[in-house]
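Comments concern the structure below.
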Amino acid sequence: MIKKISFSILISLLFIYSTFAQKSFSGTVISSNLKDTLSYVNIGVLNKGIGTVSNEKGKFELEFKEEFLKDSLTFSIIGYRSLTIPIVDFEKEKTIILEEQITELDEVIISNKKYKSKILGNKKPKLLASVAFSKIEAGNEFGIKVKVRKPIIIETFNIAVLKNEYGILNLRINFYDLKRGVPNNRINTENIIIKTELKDGLITADLSDYELMFKNDFFVSIEFLEKLNDNKEITFAGRIMKKSFTRKTSQASWNQVKVGFCIFLNVIE
């Protein structure tokens with residue numbers, strides 16, 4: 001029988017901010033070829049907890065307090081150069097154009113070496129904690145550090161869900177390098193989008209086609225791509241005596257949580 005300690009960490013309560021005297025902005029993000037709208041662009045004020053993600057049609061809406069008018073918004077997505085624009089330069093309706101960026105991939109070397117399968121991260125334990133999310137912002141993200149002793153290739157990503165009241169979840173898997181033990185730059189070169197309506201159990205994503213190879217410690221996360229604000233809740237399994245990082249929305253600073261989300265990877269090394 002699995003025992004559960006309910007930490008009930010309501011992530012939304014960690015990042016409450018006032019809605020008084022807010023300004024609103026909406027727009028569309030497109031590619032520099034002026035043809036393609038860009039889905040799931042991270043948009044926000046760096047390290048301020050204010051941000052969002054563009055939808056499947058590249059459109060976005062963002063609200064912020066007047067005190068942030070002196071700040072700038074940063075737009076970033078894999079495959080394009082990040083763009084930072086002062087908020088005061090925006091009009092009410094705006095089209096944001098991002099320049100494509102060519103990324104050189106590391107050479108993949110295939111040898112006759114015999115590989116062995118391994119699991120890295122936090123498997124679901126017999127004694128677990130529950131971490132509840134409510135009033136989710138687009139760009140809300142959380143994950144764990146993964147230690148690497150030998151070079152690995154990632155096969156699958158897994159995360160344990162205890163309860164999902166929202167139905168279909170639109171999620172993105174991200175990988176980051178580390179700086180002083182904290183997530184730093186995103187290092188995967190392709191967007192990894194998954195959709196699921198799993199109510200409880202293990203969400204598993206096959207990543208074998210992405211050729212994700214790591215030689216050093218890294219950070220892996222799951223990101224909500226839509227705002228979920230219907231007074232419902234999603235609860236993930238966690239491990240006590242472990243640590244994770246989470247952030248409220250796009251471009252926000254990372255915060256440490258004293259419970260390890262049950263995220264684990266099937267790898268070969």
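The values are calculated or read from the model by the stated rules, or taken from the named source; none is laboratory data. None of the values given here were measured: they were computed from a predicted structure. Cβ atoms come from the backbone with ideal geometry, glycine included; neighbour counts cover every protein chain shown.
Among the residues of region 220-269, write down those that are assigned to a strand (DSSP E or B), within 19 Å of Val161 (Cα to Cα) and of a type in the set (S, T, N, Q). Passing the criteria: Ser221, Thr235, Ser244, Thr246, Asn266.
Look at Ile154 and say whether it is touching a residue at least 40 places away in the same chain (Cβ under 8 Å) and in contact with a strand residue (DSSP E or B) (Cβ under 8 Å, 6 or more places away or on another chain).
Values: touching a residue at least 40 places away in the same chain (Cβ under 8 Å): yes; in contact with a strand residue (DSSP E or B) (Cβ under 8 Å, 6 or more places away or on another chain): yes.
Against the criterion (touching a residue at least 40 places away in the same chain (Cβ under 8 Å) and in contact with a strand residue (DSSP E or B) (Cβ under 8 Å, 6 or more places away or on another chain)), Ile154 qualifies.
Looking across region 237-256, the residues that are in contact with a helix residue (DSSP H, G or I) (Cβ under 7 Å, 6 or more places away or on another chain) and either buried (at least 19 other Cβ atoms within 10 Å of the Cβ) or outside the structural domain of Lys227 (by TED's automatic domain parsing) (or both) come down to Thr246, Lys248. Within region 163-201, the set of residues being under 19 Å from the mean Cα position of the chain (by Cα) and in contact (Cβ under 8 Å) with a residue 60 or more places away in the chain comprises Asn164, Tyr166, Leu169, Arg172, Val182, Pro183, Arg186, Asn188, Thr189, Glu190, Asn191, Ile193. Inside region 126-159, residues that are at pLDDT below 90 and surrounded by fewer than 17 Cβ atoms within 10 Å (Cβ to Cβ) make up a count of 2. Screening region 61-102 for strands (runs of 3 or more DSSP E) wholly inside it with 3 or more residues that are surrounded by 14 or more Cβ atoms within 10 Å (Cβ to Cβ) and in contact (Cβ under 8 Å) with a residue 12 or more places away in the chain returns the ranges 72-76, 93-98. Name the single residue that is nearest to Lys243 (Cα to Cα) among those in region 164-181 being exposed (fewer than 15 other Cβ atoms within 10 Å of the Cβ) and touching a strand residue (DSSP E or B) at 6+ places or on another chain (Cβ under 9 Å). Residue satisfying both the conditions and the ranking: Gly181. From the list Lys258, Lys248, the one residue that fits, being more than 30 Å from Tyr80 (Cβ to Cβ), out of contact with any Ser or Thr (no Cβ under 7 Å at 6 or more places or on another chain) and basic (Lys, Arg), is Lys258. Scanning region 28-53 for residues that are touching a Lys or Arg at 6+ places or on another chain (Cβ under 6 Å) and either more than 26 Å from Lys135 (Cβ to Cβ) or not in a strand (DSSP E or B) (or both) returns Thr37, Gly49.
With Lys123, Lys114, Lys118 as the choices, which residue is assigned to a strand (DSSP E or B) and either touching a helix residue (DSSP H, G or I) at 6+ places or on another chain (Cβ under 9 Å) or among the basic types (Lys, Arg) (or both)?
Values: Lys123 fails: assigned to a strand (DSSP E or B); Lys114 fails: assigned to a strand (DSSP E or B).
Of the residues listed, the single one that is assigned to a strand (DSSP E or B) and either touching a helix residue (DSSP H, G or I) at 6+ places or on another chain (Cβ under 9 Å) or among the basic types (Lys, Arg) (or both) is Lys118.
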